[in-house]
Structures are given as C-alpha cells and as structure tokens.
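Have a look at the structure below, then the notes.
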Amino acid sequence: MDDIAKILSKALECDASDRILEAGTLYDKGLHHLKQLIAATKNTRIAKKYLEHMSQYKERSKNIQLSIKKLLEEGTVLQNISISQNSMGHSYESLFGQYLKSDIEEIYLEEPYLHRFYQYENLIVFFELAARKCPNLRFIKLITKRMENANILNDIRNDLRSRHIGLHTSIDEFLHDRKIALSNGVIIKIGRGLHFFKAARGEYALGQFDYDYRECLKTDVDIWTSAKTMGG
C-alpha cells in the first residue's frame with residue numbers, strides 16, 4: 001500500500017503543478033495497483049475504503065483525459081505550411097522550433113508509425129530539439145500504433161530519465177492522426193507525422209545530422225494555439 005500511496009501522492013503533486021500528462025499516467029498506474037489490492041483484500045471494510053479512494057482518483061483521471069481532448073481541438077491558426085516534394089529547409093527546428101520554449105513542461109505526441117530504424121532516428125531528433133529548446137521539459141507522453149523494437153524505446157526512455165525527463169508510451173491500434181501538443185497550448189499537426197524526410201543523399205552527404213539539408217516528401221503542416229493549456 002505504501003508504494004501505491006507514493007504513486008498517488010506524486011500524481012497529486014504533478015496535478016497541482018499543472019503537469020497533467022504525468023499526473024494522468026500516475027493516476028492510472030495507481031488505480032491499476034489499487035484494483036489489484038482490492039481484488040486480493042478479504043476485509044470488506046478495507047475494500048470499501050479503497051473503493052472510495054479509487055472513485056476520487058478515477059474521476060480526476062477522467063477529467064484529465066477530457067482536458068487533453070479539448071486541448072487538441074482547433075483554436076487560433078498560427079501557421080499553415082505547405083512542404084513541396086523534394087524541397088529542403090524544413091527541419092523540425094525550422095518548422096516549429098520557435099514554439100518550443102522554456103515554459104513547456106510536458107509534450108503529448110501522437111505518432112502512429114514507429115516500426116523502422118529511421119523512424120526512431122526521427123523521434124530522437126525531435127526529442128533532442130525539445131530537450132534543447134525546453135529546459136523545463138519534464139514529461140513526454142507518446143501514443144503509437146504498435147510497440148515494436150521495445151529495446152530501442154527503453155534506451156530512449158532511460159536516456160531521457162537521466163536528463164530528468166519522463167517518457168510514457170501507450171498503444172492505440174486505431175491511431176491515425178499525427179499531432180504534437182505542447183503544454184503551453186500550441187498544437188502542431190503534420191500530415192506525415194515526423195516522417196516526411198527522405199534519406200540523406202549519401203553516408204557522407206549533408207543532411208546526415210542537419211535535416212534542413214534533407215529533401216522532403218510533400219506534406220502540410222498546421223500550427224494553432226488552443227484556447228486551453230494542459231493545466232488550464
């Protein structure tokens with residue numbers, strides 16, 4: 001029970017600090033353990049007490065999910081960018097680096113396709129940019145379609161943890177949309193998600209590390225600011 005109390009106490013702490021992605025993840029984890037505890041408890045009085053706690057935390061978890069849903073609704077358009085086939089100069093930093101600021105503590109990322117090695121490379125490039133531009137970043141929630149190459153995700157998670165950034169991944173097999181939601185209310189929607197770059201022209205060609213030198217696939221980028229922030 002002490003471990004559950006620590007998880008839920010941390011959830012309340014994150015909730016009070018408007019870090020609702022991390023709070024929601026911790027509420028769900030605590031609720032899962034509480035459910036298991038109730039199932040194993042024969043004392044009905046104690047079980048009833050646990051159920052009362054569950055109801056409280058379940059309601060807050062539900063409200064967090066509603067807040068995230070409202071955040072993702074379109075608001076005031078900031079930019080509409082059309083990327084032409086084979087064009088260059090469209091690195092993540094060039095496209096939306098200006099919106100990654102020190103006030104961002106959490107990032108919500110919907111990226112359905114993380115199957116191939118280059119897709120994980122793109123994910124790391126995005127995380128590098130976010131970590132550099134958002135010094136107060138503390139939590140990233142990643143939603144994807146299938147959890148392949150779990151060892152790569154674990155390596156990424158461990159490295160982020162060493163930099164005081166938590167990464168939580170979850171599966172939605174019906175996921176289609178690609179979105180990046182920043183805790184300051186800025187939403188970035190890229191038609192192809194993170195994967196609109198062609199490979200560099202050669203092993204020692206420009207574009208291996210600076211994606212502004214990479215040719216792109218045709219796609220559109222929409223950036224808007226929501227009426228809500230993650231904690232608002």
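Laboratory data are not the source of any read-out in this text; all were calculated from the coordinates shown. All values reported here derive from a predicted model rather than from experimental measurement. Ideal geometry is used to build each Cβ from the backbone, glycine not excepted, and the neighbour counts take in all protein chains shown.
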(message) Could you tell me the center-to-center distance, by alpha carbons, between region 35-70 and region 117-189 in angstrom?
(response) 28
(message) Can you sort Glu106, Glu52, Glu13, Glu22 from fewest to most other Cβ atoms within 10 Å of each residue's own Cβ?
(response) Glu52, Glu13, Glu22, Glu106
(request) Using only the Cα atoms of region 1-105, each taken as one equal point scatterer with no solvent, compute I(q) by the Debye sum, divide by I(0), and report log10 of the ratio at q = 0.12, 0.18, 0.19 Å⁻¹. (result) -0.60, -0.92, -0.97
(request) Can you check what the Kirkwood hydrodynamic radius comes to for region 76-225, Cα pairs only, in Å to one decimal? (result) 15.8
(request) Calculate the spin-label point distance for Lys62 paired with Asp3, positioning each point 7 Å from the Cα along the beta-carbon direction, and give it in nanometres. (result) 2.8
(request) Just name one of Thr44, Ile20, Leu34: the one whose Cα is farthest towards the positive end of the charge dipole of region 1-71 (beta-carbon charges, Lys/Arg +1, Asp/Glu -1). (result) Thr44
(request) Taking 7 Å along the Cα-to-C-beta vector as the label spot, tell me the His53-Arg201 distance in nanometres, rounded to one decimal. (result) 6.3
(request) Please work out the FRET efficiency for the pair Asp210 and Lys69, using the Cβ-Cβ distance as r and a Förster radius of 35 Å; give the result to the nearest 0.05. (result) 0.45
(request) Give me Cys216, Cys14 ranked fewest to most by other Cβ atoms within 10 Å of their Cβ, as a rough exposure proxy. (result) Cys216, Cys14
(message) Need one number: nm distance between label points at Leu78 and Glu148, each 7 Å from Cα along Cα→Cβ, rounded to one decimal.
(response) 3.2
(request) Could you size up the charge dipole of region 68-108 around its Cα centre, putting +1 on the beta carbon of Lys and Arg and -1 on that of Asp and Glu, and report it in debye to the nearest 20? (result) 120
(message) Which residue fluctuates most in the GNM of the chain (Cα springs below 10 Å): Gly30, Gly193, Gly202?
(response) Gly202
(request) List Asp222, Asp2, Asp210, Asp15 from most exposed to least, where exposure is judged by having the fewest other Cβ atoms within 10 Å. (result) Asp2, Asp210, Asp222, Asp15
